[in-house]
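Since the structure comes first, as structure tokens, the remarks are kept for the end.
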Amino acid sequence: VLKDCRIFVDVRTDEDDDAGGLFVEMLEGLGAKVRFGLLANRVVFKNGLMSTLSRYKLLSDPKPHVVNIAWVVECAEQCKKVDGGPFHVNLDLVNVADVNKVCTSFLQTCR
């Protein structure tokens, strides 16, 4: 059901551990091609790396659609490619949160 999708997965835990494996397996099981770069038409993002945000912002338009992990789950549950709109992730807002997270973590380490 996702055979026309090329997807980049950047899913991490709050402790910054890679947590994308399960989602990669689900996506591949649905026929998607999982890419290890941003040469994709979708990005699944949760607590991702700053490098992903930086590379995404440098892409020319049209940029890949960015969705959260619930999109993957919904596609698997419905056995079809669902509309990504309700699952959209605004990377401009994520960038602010990530910078705050990094600064807070850095300040706690330095105290």
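The values are calculated or read from the model by the stated rules, or taken from the named source; none is laboratory data. As the structure is a computational prediction, the values presented were derived from the model and not from experiment. Ideal geometry is used to build each Cβ from the backbone, glycine not excepted, and the neighbour counts take in all protein chains shown. Surface areas here come from the heavy atoms of the whole protein model, side chains and all, with no ligands, DNA or RNA. Shrake-Rupley method; radii C 1.70, N 1.55, O 1.52, S 1.80 Å.
Just one of the numbered conditions (1) modelled with pLDDT of 95 or more; (2) touching an Asp or Glu at 6+ places or on another chain (Cβ under 8 Å) is not true of Arg42: (2). Taking each residue of the range 1-20 that is without any contact (Cβ under 8 Å) to a residue 12 or more places away in the chain and at negative phi and looking for partners that are among the acidic types (Asp, Glu) and not in a loop (DSSP other than H, G, I, E, B) with beta-carbon atoms closer than 9 Å, six or more apart or interchain, yields Asp18/Asp10. Of all residues in the range 17-42, exactly one satisfies the criterion of being β-branched (Val, Ile, Thr) and in contact with a helix residue (DSSP H, G or I) (Cβ under 7 Å, 6 or more places away or on another chain), namely Val34. Among the residues here, Val44 qualifies as out of contact with any Lys or Arg (no Cβ under 7 Å at 6 or more places or on another chain) and open to solvent by less than 30 Å² (accessible area, probe 1.4 Å). Within the range 1-47, the set of residues being in a loop (DSSP other than H, G, I, E, B), under 13 Å from Val72 (Cα atoms) and among the β-branched types (Val, Ile, Thr) comprises just one member, Val1.
Any residue at all in the range 60-71 that is open to solvent by less than 30 Å² (accessible area, probe 1.4 Å), of a type in the set (S, T, N, Q) and at pLDDT below 95? No - not one qualifying residue is present in the range 60-71. Of the residues making up the range 82-92, those that are open to solvent by 80 Å² or more (accessible area, probe 1.4 Å) and at pLDDT 95 or above are Asp83, Pro86, His88.
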